[in-house]
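Here is the structure we will look at, set down as structure tokens.
The values are calculated or read from the model by the stated rules, or taken from the named source; none is laboratory data. Because the structure is predicted, anything quoted here is derived from the model rather than measured. A quick note on method: Cβ atoms are made from the backbone with ideal geometry, for glycine too, and the neighbour counts reach across all protein chains shown.
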């Protein structure tokens with residue numbers, strides 16, 4: 001049998017053997033996209049700004065980490081990061097600090113949101129994040145969209161924290177969920193000042209100027225809005241936590257590179 005196999009291989013000739021070798025070789029992996037040089041890590045610009053990068057954890061409205069979040073780091077365009085630093089300096093003088101929940105969000109993460117929203121059977125996090133909204137309404141009501149300004153790198157979700165910041169416990173998958181609009185002492189613990197709802201609360205109570213919030217909650221929202229507006233950030237009226245720095249460097253681009261230090265060429 002060995003002699004017969006050897007004869008067959010010899011008869012193929014060098015050219016045929018080369019073709020067999022090429023056909024058997026695996027195709028090279030497509031290189032991962034990287035960020036433009038205008039993107040920076042927020043921590044490299046201002047390490048005093050607190051970070052609670054939710055989408056890199058299971059404590060999301062999906063109930064799992066979001067596709068594309070390789071590391072819990074905040075990536076932004078440099079102008080957005082530098083103006084956050086200016087806002088932070090003003091808050092620090094008042095014994096306060098910014099805390100970011102989400103910064104640059106890759107299009108692959110938005111695609112994950114869309115797939116989840118179309119799966120009407122997956123409602124494991126409904127009790128906390130959208131208790132008063134039927135999941136079939138998430139697109140129509142504007143809570144989920146196929147594109148996000150976050151994917152352009154100049155939009156950030158954030159809040160204000162009193163200093164010294166209180167430690168917070170991690171989310172435990174499967175734990176009892178509490179509606180995001182419940183009183184602050186009842187909903188998931190967060191060291192943010194009381195904004196009237198938790199982060200990513202799919203409810204009209206999250207509208208920045210909703211008249212139903214208390215005087216203290218309204219004052220906290222307006223402090224965040226006023227502080228960031230002074231630095232060129234525009235608030236999305238439907239989400240007290242959502243701000244976009246204007247003018248945007250990439251107003252028509254939706255980037256795909258993952259959230260990681262490696263996207264910036266760091267290790």
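How about the stretch 137-150: which of its residues are in contact with a helix residue (DSSP H, G or I) (Cβ under 7 Å, 6 or more places away or on another chain) and surrounded by fewer than 21 Cβ atoms within 10 Å (Cβ to Cβ)?
139, 144, 146, 147, 148
Against the conditions (1) over 29 Å from residue 106 (Cβ atoms); (2) surrounded by 19 or more Cβ atoms within 10 Å (Cβ to Cβ); (3) out of contact with any strand residue (DSSP E or B) (no Cβ under 6 Å at 6 or more places or on another chain), residue 178 satisfies every one except (2). A single entry from 40, 66, 73 fulfils the requirement of being outside any helix (DSSP H, G or I), within 13 Å of residue 156 (Cα to Cα) and touching a residue at least 12 places away in the same chain (Cβ under 8 Å): 73.
Conditions: (1) loosely packed, with under 14 Cβ neighbours inside 10 Å; (2) at pLDDT 95 or above. Residue 252 meets all but one. Number of the miss? Residue 252 satisfies every listed condition except (2). Selection over the stretch 255-267 of residues that are surrounded by fewer than 17 Cβ atoms within 10 Å (Cβ to Cβ) and either within 11 Å of residue 75 (Cα to Cα) or within 18 Å of the chain's Cα centre (by Cα) (or both) gives a count of 3. Please identify the pairs in which a residue from the stretch 222-240 that is without any contact (Cβ under 8 Å) to a residue 60 or more places away in the chain has its Cβ atom under 8 Å from the Cβ atom of a residue that is surrounded by fewer than 18 Cβ atoms within 10 Å (Cβ to Cβ) and in a loop (DSSP other than H, G, I, E, B), counting only partners at least 6 apart or on another chain. Close Cβ pairs satisfying both conditions: 234/246; 237/209.
Pull up the stretch 234-249, narrow it to residues that are outside any loop (DSSP other than H, G, I, E, B) and out of contact with any helix residue (DSSP H, G or I) (no Cβ under 7 Å at 6 or more places or on another chain), then point me to the one that is surrounded by the fewest Cβ atoms within 10 Å (Cβ to Cβ). Among them, the one singled out is 234.
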